[in-house]
Every structure is written in C-alpha cells, then in structure tokens.
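Inspection log for the structure reproduced underneath, given as structure tokens.
The values are calculated or read from the model by the stated rules, or taken from the named source; none is laboratory data. Bear in mind that the values here come from a model prediction, so they are computed numbers and not experimental data. We place every Cβ from the backbone using ideal geometry, glycine too, and count neighbours over all the protein chains shown. Just the protein is used for accessible areas: all its heavy atoms, side chains included, with ligands, DNA and RNA removed. Shrake-Rupley method; radii C 1.70, N 1.55, O 1.52, S 1.80 Å.
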Amino acid sequence: MIRLSLSLGLAVLATVTSAQAAELPAEIKQAGALKLTVNSTYAPMEYRDPATNELIGLDIDLANELAKRLGVKIVWSETPFAELIPSLQTKRADFIISGISDRASRRETADFVDYLQTGPQFFVMAESEAKAAIDLCGKKVGTTRSTSFPGEIEKWSKQNCEAAGKPAIQYVPGENSIDVRNQLKQGRIDAAVQGSETLPYAQSQEAGKYRLVGEPFAKGYQGIMFRKDDVVLREAVTEKLSAMIAAGLPNSPTRSWM
C-alpha cells in the first residue's frame with residue numbers, strides 16, 4: 001500500500017503574514033469558481049477512473065478540499081502536459097495542480113507552493129536482465145518529453161555511465177507516462193523513467209509486469225504553480241494549505257492507493 005501525503009516544500013508557505021485571513025481575488029469570489037486544468041494521464045495524481053470515468057487522484061482530492069475551504073467550486077478541464085504552463089500563462093487556469101515539478105527555470109516566471117517530494121525512478125519489465133541502474137548504460141530509456149526527466153537522465157548518464165567508460169543512455173521521448181509504459185511493453189525501449197510517486201500504483205494495476213531499478217536518482221518537489229502577479233490568490237491558497245497540513249488534513253478525502 002502507498003499513501004501519498006502532503007509535505008512542506010518551500011518557505012513560501014510561511015509568507016502569509018497578514019493578521020487577517022487572506023481573501024480570494026474579486027473576480028474568483030464573484031464567479032464562485034476556480035478554473036483548473038489537468039493532464040489526466042498521471043495516475044495516481046490525476047486520472048480518469050476506468051470504471052466510472054470520474055476524474056480522481058491525489059491532486060484532484062487536494063484541489064477539491066482547497067476549493068471547499070475557500071468557499072468556491074472548481075470548473076475542471078483537461079489538456080496535454082505540455083499545455084499546462086501555457087494554460088496558466090493565458091489565464092485559462094487560475095493555478096496548476098497537476099503533477100508539476102518545481103524547477104528553478106520555472107520559478108523565473110511563476111511561484112510555487114510545494115506539497116510533495118518526488119524523484120525520477122528507473123524501471124524495467126520484470127523479465128529484464130538489468131539488475132542495477134548502471135546496467136542501463138547504452139540502453140534505450142524512455143520518459144515523458146515535456147518533464148524534467150530527460151535532463152535528469154542525461155545528467156545521471158554523464159555522472160555514472162560516461163564516468164565508468166560505458167556508453168551513454170539513449171533517451172527516447174514519449175508523450176506521457178502511458179505512452180512511455182506502452183513503449184516499454186512493446187519492446188521499443190529497454191527501460192523507462194517516471195516519478196517515484198506513480199510507480200507503486202502502476203505496479204498494482206499491472207501486477208508482476210514492472211520492476212524498479214535502484215532508488216530515485218534525483219530529488220525534487222511537486223507544487224501548486226501560480227502566476228507571479230497572482231499574489232492574492234497564492235496567499236489565499238497557501239493559508240488554507242498550511243492550515244490543512246498543520247491540522248493533519250482533517251476531513252480531507254485524500255486516499256490510499258493499493
């Protein structure tokens with residue numbers, strides 16, 4: 001069993017210093033709704049329940065609880081992962097909570113409130129001969145093109161494969177985590193990389209198919225992403241999230257996934 005839980009990641013959680021409760025921006029209060037968009041291919045963070053087609057996952061639970069505490073509803077939409085940040089920039093989304101990593105390059109134009117520690121993880125088909133990550137040197141390794149993982153794979157390869165005189169890992173791009181796992185099952189790649197928070201769920205859904213190789217080879221954080229000029233909204237969400245963490249998420253629907 002895996003339980004995904006919230007953790008404090010950034011000092012921004014301590015930035016709400018007003019003596020009064022933070023207020024939502026006037027336009028959101030007037031509409032009574034938040035516009036949020038997700039990439040629903042990243043189970044168990046956000047995905048469509050195969051049985052009901054309901055949008056579910058940890059990020060969905062967390063956003064719904066935040067909206068409840070803010071006194072608004074959510075109008076959900078879906079988009080490919082590569083379109084998440086453009087949807088924020090063009091104001092189609094009020095903020096992004098969809099398995100998005102807090103990266104230094106993204107902080108140049110956005111603010112993050114982090115809630116989950118994660119990291120890239122190598123995995124292979126159960127029958128693979130690879131026993132350790134070093135065995136993947138010279139092999140084809142796939143991951144989602146629009147994430148930070150291609151760069152992390154290249155960095156790991158230079159530090160480990162090339163340093164040991166072995167051929168570099170051959171990176172193969174995928175559109176999303178489902179595409180990458182399909183490439184792996186079809187034998188088009190030798191191994192794959194996904195966020196460490198997603199693989200226990202994938203293993204539970206396809207029992208015996210996948211095997212983890214080593215430990216996560218980098219550390220990062222997922223966060224709620226805001227436009228830099230949306231200080232009022234960021235502080236209102238931060239205040240509610242801080243209260244949820246401090247209280248141990250009372251009444252939160254956050255669930256465990258087998």
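Scanning segment 236-258 for residues that are open to solvent by 10 Å² or more (accessible area, probe 1.4 Å), within 12 Å of Arg69 (Cα to Cα) and either modelled with pLDDT under 55 or within 19 Å of the chain's Cα centre (by Cα) (or both) yields Leu249, Pro250, Asn251, Ser252. In this structure, Ser157 qualifies as over 30 Å from Phe95 (Cα atoms), crowded, with 21+ Cβ neighbours inside 10 Å and either of a type in the set (Ser, Thr, Tyr) or out of contact with any Pro (no Cβ under 6 Å at 6 or more places or on another chain) (or both). Pro50 passes every criterion in (1) surrounded by fewer than 17 Cβ atoms within 10 Å (Cβ to Cβ); (2) over 19 Å from Lys240 (Cα atoms); (3) touching a strand residue (DSSP E or B) at 6+ places or on another chain (Cβ under 8 Å) apart from (3).
Per the listing Leu6, Leu36, Leu10, Leu55, the residue uniquely modelled with pLDDT under 95 and either within 15 Å of the chain's Cα centre (by Cα) or open to solvent by less than 30 Å² (accessible area, probe 1.4 Å) (or both) is Leu6. Checking Ala21 against (1) in contact with a Phe, Trp or Tyr (Cβ under 7 Å, 6 or more places away or on another chain); (2) more than 25 Å from Gln205 (Cβ to Cβ); (3) modelled with pLDDT under 95, which single condition isn't satisfied? All conditions pass for Ala21, except number (1). Only one of the numbered conditions (1) assigned to a helix (DSSP H, G or I); (2) open to solvent by 20 Å² or more (accessible area, probe 1.4 Å); (3) of a type in the set (Gly, Ala, Ser) is violated by Ser77, and that is (1).
All of Arg211, Arg145 fail the test of being among the basic types (Lys, Arg) and open to solvent by less than 70 Å² (accessible area, probe 1.4 Å), apart from Arg211.
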